[in-house]
Amino acid sequence: MIKEIVKDEAFLSQPAEPATADDAQVAQDLIDTMESLDDCVCLASNQIGSTKAVIAYEDNGRIYVMYNPKMTAFVQPYTTMEGCVSREEPSEVKRFKLIRVSYQVLAGGNLVSRTKKFTGWTAEIVQHALDHLAGKLV
């Protein structure tokens, strides 16, 4: 279901709660909402009103979902300007060119652990979504 984008800073500042396999609808809502927006490449669950730790991001035209993602390694810091569908103005942020993320995916009705390395643009947008789950406003 397409959800309205949350802009309430008090809500967005709250860290996310662990997600479970029962939160599959949150993942689907993230996908549906991303697909309905122009130029949206990542969303975190709190941006659509959920308190669960779920993000969606686009890579090569496909949307992927991660449950309970955590950045476990990061190198090559840089500073950049980022926009956000939940904020009016772009913000300057510190990002890393290469990151490793541990997360879970829904498979066969269960959450299964995975780890993935991200570089460049995809690393940047995943970090943006991870900040949202931590309650950090860029």
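The values are calculated or read from the model by the stated rules, or taken from the named source; none is laboratory data. Everything quoted here is computed from the prediction, not taken from an experiment. So basically every Cβ, Gly included, is an ideal-geometry build from the backbone, and we count neighbours across all protein chains shown. The area values use the complete protein model at the heavy-atom level, side chains included, leaving out ligands, DNA and RNA. Shrake-Rupley method; radii C 1.70, N 1.55, O 1.52, S 1.80 Å.
Quick notes on this structure:
- Apportionment of accessible area to carbon and sulfur, region 8-64, percent (1.4 Å): 42
- Stokes-Einstein diffusion for region 26-73 at 37 °C, viscosity 0.692 mPa s, with a Kirkwood radius from C-alpha pairs, works out to 302 µm²/s.
- Listed residues Ala123, Phe11, Cys84: farthest to the positive end of the dipole of the chain (Cβ charges): Ala123
- With R₀ fixed at 22 Å, the C-beta to C-beta distance from Met81 to Lys136 puts the FRET efficiency at about 0.85.
- Cα centroids of region 103-138 and region 41-60: 9 Å apart.
- Pairs of Lys residues in region 1-133 are counted when their Cα atoms are under 15 angstrom apart and they lie 8 or more places apart or on different chains; the count is 6.
- For the chain, size of Cβ-based charge dipole, Lys and Arg +1, Asp and Glu -1, in debye: 820
- Mean accessible surface per residue for the chain, computed with a 1.4 Å probe while every protein chain stays in place, in Å²: 53
- Note on Ile5 and Asn60: their simple-model spin labels are 2.7 nm apart, each label 7 Å out from Cα toward Cβ.
- For region 82-138, the fraction of 1.4 Å probe accessible surface lying on carbon and sulfur atoms is 47 percent.
- Mean residue ellipticity (222 nm) of the chain, computed from DSSP H runs ≥ 4 via -39,500 (n - 2.57), nearest 500: -6500 deg cm²/dmol
- Its relative contact order, with pairs defined as Cα atoms under 8 Å and 6+ residues apart, puts the chain at 27 percent.
- Overall form of region 1-105 per C-alpha gyration tensor (a/c, 1.5; a/b vs b/c): rounded
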